[in-house]
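Undergrad: One structure coming up, written as structure tokens, with questions to follow.
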């Protein structure tokens, strides 16, 4: 393998980690790259989880230092997502991508329109500690975990929607809780891929170098720029991700 390929993987990991932490769907960059390197789709999906895990360890540590967590309450939302991620990861071992991509693309495009035409629901919100989740929250985050265990790409958008529109958080705090939830279920999903020998450790750790760097910078940007800036990033990434999944490019 040529030396510049390793640099390319780190660079793509940086952008993926930045986008994943600030909005979502950075895996739409890293997954095609891993498949370009010769990994089967399922192995690329599993390998990407190494970078996601290490990226979110860095992101959570950085957001914690900026005092955006109240772990006693925040971890409640992780429980249904963890439970959902287990069957989701087993489903991913033999996944069929075509129908899934179209469905997700339509959902992301719908979310784009909601954020575009109803900005108030995304710019307002409570930065204070949230109460324990309702039954509806538990159901929503179970299915988000199911999806996240199945395939990582796009899960950040659904988590943000659940946290902002379902739990009433503002976008800055929602971003912090989002990566905490992903960090909680990723080791379980990764262990399933490891069990089925669908992880390439070399590329996973090289990709993680970029992801971790991008995540650290994104946490600083999120806090410094605030909800309005994050909304613009969301709109851009949602539009690009939805068009890509619908076969636009």
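Undergrad: Counting other beta carbons within 10 Å of each Cβ, put 35, 212 in order, fewest first.
TA: Values: 35 15, 212 19.
In order of increasing Cβ crowding within 10 Å: 35, 212.
Undergrad: So, one more: By counting other Cβ atoms within 10 Å of each Cβ, how are 70, 27, 85, 242 ranked from fewest to most? Write out the running numbers ahead of the final one.
TA: Numbers: 70 13, 27 26, 85 31, 242 23.
Listing 70, 27, 85, 242 from fewest to most nearby Cβ atoms yields 70, 242, 27, 85.
Undergrad: What do you get for the angle between helix 201-245 and the principal long axis of the chain? Use alpha-carbon atoms, 0 to 90 degrees, nearest ten.
TA: Approximately 30 degrees, to the nearest 10.
Undergrad: Relative to the longest principal Cα axis of the chain, at what angle does helix 78-92 sit, 0 to 90 degrees, rounded to 10?
TA: 30
Undergrad: Between residue 195 and residue 35, how many nm apart are label points set 7 Å from Cα along the C-beta direction?
TA: Modelled inter-label distance: 2.5 nm.
Undergrad: Using a 7 Å offset from the Cα along the Cα-to-Cβ direction at both residue 246 and residue 224, what is the distance between the two label points in nm, to one decimal?
TA: 3.5
Undergrad: For segment 74-88 and segment 181-205, what is the separation of their C-alpha centers, rounded to whole Å?
TA: One Cα centre to the other: 16 Å.
Undergrad: Using only helices, what value at 222 nm comes out for the chain when you add -39,500 (n - 2.57) per DSSP H run of length 4 or more and divide by the total residues, to the nearest 500 deg cm²/dmol?
TA: Working: 11 runs with 192 residues, N = 249.
Value at 222 nm, helices only: -26000 deg cm²/dmol.
Undergrad: With everything on Cα atoms, drop me the angle between helix 27-36 and the longest principal axis of the chain, reported from 0 to 90° to the nearest 10.
TA: 0
Undergrad: Determine the gain in length on full extension of the stretch residue 232-residue 102; use 0.36 nm per residue of separation and subtract their C-alpha separation, reporting nm with one decimal.
TA: Values: separation 130, 0.36 × 130 = 46.80 nm, distance 2.39 nm.
Stretched fully, the residue 232-residue 102 segment lengthens by 44.4 nm.
Undergrad: Still on this structure: On a full-extension model of 0.36 nm per residue, what is the gain between residue 73 and residue 5, subtracting their alpha-carbon distance, rounded to one decimal in nm?
TA: Values: separation 68, 0.36 × 68 = 24.48 nm, distance 4.26 nm.
Extra length available between residue 73 and residue 5 comes to 20.2 nm.
Read the figures in this text as sums done on the coordinates, not as results from a lab. Because the structure is a prediction, the values reported are computed rather than measured. Note that we place each Cβ from the backbone using ideal geometry, even for glycine, and neighbour counts take in every protein chain shown.
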